Amino acid sequence: MSDLTRRKFLRTAAATGAAATALPACSSVNVATRRQSPVAIASANGVEAVRIAVERMQAGMRPVDAAVAGVEVVENDPKDSSVGLGGLPNEDGIVTLDACVMDGPSGLGGAVAHLENIKNPAQVALKVMRRTDHVLLVGAGALEFARAHGFKEEDLLTEESRRAWLRWREKRSSIDDWLSPEENGEHGTEWFEEFKDKTGTIHLGAVDANGQIGSCTTTSGLAFKIAGRVGDSPLLGCGNYCDNDVGTGGSTGRGEACILSNGGAFIVQQMALGKSPTDACLETVRRVVRMTKVKRLLDDKGRPNFQVKFYATNKQGQYGAAAMYPGKFAVCDADGPRREDLAALYEQR
Ligand code: ASP
């Protein structure tokens, strides 16, 4: 079945209400069978990141280091409001970052959560993996550790992100003392970028030409989250996981859904049971659907009212991605960096 035919089939099945249980397990929609090229998969904001990751693996870099080198360009980009510098802050206006890495050959991982003032949390996560006997450092301890390793502190809140936060803060409630210009009878809000999407992150899974595996996820988390909130991105087994005998699994989107379904580990487990990367991701989306029961998270058709996306590569260099609703992902192999459609369980939100 061709790529397009199968995607159409998936959406039709979903539209007729058969989606969650009746989809047959068929082969991957995105199969890269050539093994001479390393492969990197990422969220849609990672086209440049996957290009860099593949280039580094071609030069002999270990996949986990190539993954971190790739996501660094997104962490450093002040225009990406979901990661690193310029990431949207929490409800108090403070940018806090989460990241984790996992290295297939050694079976080790490292992570930081609720890290302030350091724009490259994925690199700090690498240090946790290589220079401690721990896996996860959080908050003030993570910052102390980063300082000890020479990471420079800087203000991560850009002017654009501050304005977006102020807009959100002023419009949040009519019963507090913060007033938006409109509430105070003023016009001229044209300089406010109205904020629509509170999600965003980069996950990157990497497999080199010898089938060695590494992966990374880095984020500023959900915009305007409650102070102290940590999502799936720094949690190994949730927003990121890899097993050198099998492949990588990662996630972006509603982190709470990924934590509750153990998305990353579940994807890898599904591939270990024989599923293709795309089918493993689809099975994980279905698991989220099954586990989403409370009314506030469902739309009027009974479907989850949020987006969650899963990405996978396997040891053979096959890759795939799937989500609740349509979207894109980034991939790079011998054919170069590009965006592709992911497999969607439902046609539209
Ligand atoms: N998964 C991230 C989190 O929940 C956010 C995102 O990917 O949009 O922190």
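The values are calculated or read from the model by the stated rules, or taken from the named source; none is laboratory data. Keep in mind the model is a prediction, meaning the values are calculated, not measured. Reconstructed Cβ throughout: ideal geometry from the backbone, glycine too, with neighbour counts over all protein chains shown. Only protein heavy atoms, including side chains, enter the accessible area calculation; ligands, DNA and RNA are left aside. Shrake-Rupley method; radii C 1.70, N 1.55, O 1.52, S 1.80 Å.
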So how compact is segment 265-347: Cα radius of gyration and Dmax in angstrom?
13.8, 45
Distance between segment 268-290 and segment 306-349 - C-alpha centres, whole angstrom
13
Once Lys and Arg are counted +1 and Asp and Glu -1 for all other residues with Cβ under 12 Å from that of ALA66, the total becomes -2
Which of the peptides 309-318, 227-236, 274-283 is most tightly packed, and how do the rest follow, going by the mean number of other Cβ atoms within 10 Å of each residue?
309-318, 274-283, 227-236
Just going by the charge dipole of segment 92-156, with Lys and Arg at +1 and Asp and Glu at -1 on Cβ, which of LEU143, CYS100, THR132 is farthest out on the positive end?
THR132
Built amide H within the under 5 Å cut-off of ASN305, gap 5+
LEU298, ASP299
Starting from the amide H of THR96, placed 1.01 Å from N in the peptide plane, find each other amide H under 5 Å away whose residue is 5 or more places distant or on another chain.
ASN90
Square roots of five times the C-alpha gyration tensor eigenvalues of segment 40-113, ordered largest first and given in whole Å, equal 25, 16, 8
Output ³J(HN,Hα) for segment 117-122: one whole-Hz value per residue in order, computed from phi by the Karplus curve 6.51 cos²θ - 1.76 cosθ + 1.60 with θ = phi - 60°, and x for Gly and Pro.
6, 10, 7, 10, x, 5
Just the Cα atoms of segment 232-297, one point each, no solvent: what log10 I(q)/I(0) does Debye give at q = 0.15, 0.22 Å⁻¹?
-0.41, -0.81
Between ARG56, ARG130, ARG286, find the one with the highest GNM mean-square fluctuation for the chain; connect C-alpha pairs within less than 10 Å.
ARG130
So, for the chain, what is the accessible surface per residue at a probe of 1.4 Å, expressed in square angstrom?
43
Going by average Cβ density within 10 Å per residue, which order do the peptides 204-214, 324-334 take, highest to lowest?
204-214, 324-334
Alpha-carbon spread of segment 212-325, three principal axes, descending order, Å:
40, 32, 17
Computed magnitude of the charge dipole of the chain (debye, nearest 20; Cβ of K, R +1, Cβ of D, E -1):
1380
Of LYS275/LYS309; LYS171/LYS301; LYS225/LYS301; LYS127/LYS309; LYS293/LYS328, which pairs sit farther than 19 Å apart, going by alpha carbon to alpha carbon?
LYS171/LYS301; LYS225/LYS301; LYS127/LYS309; LYS293/LYS328
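So, with a 1.4 angstrom probe, what is the percent of accessible area on the chain that is carbon and sulfur?
That share works out to 50 percent.
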Where does the chain land on Rg/Rh, using Cα atoms and the Kirkwood Rh?
0.98
Mean projected area (nm²) of the alpha-carbon convex hull when segment 101-195 is viewed from all directions
8.6
Per-residue counts of other Cβ atoms within 10 Å, averaged by peptide: what ranking do you get for 95-102, 175-182, highest first?
95-102, 175-182
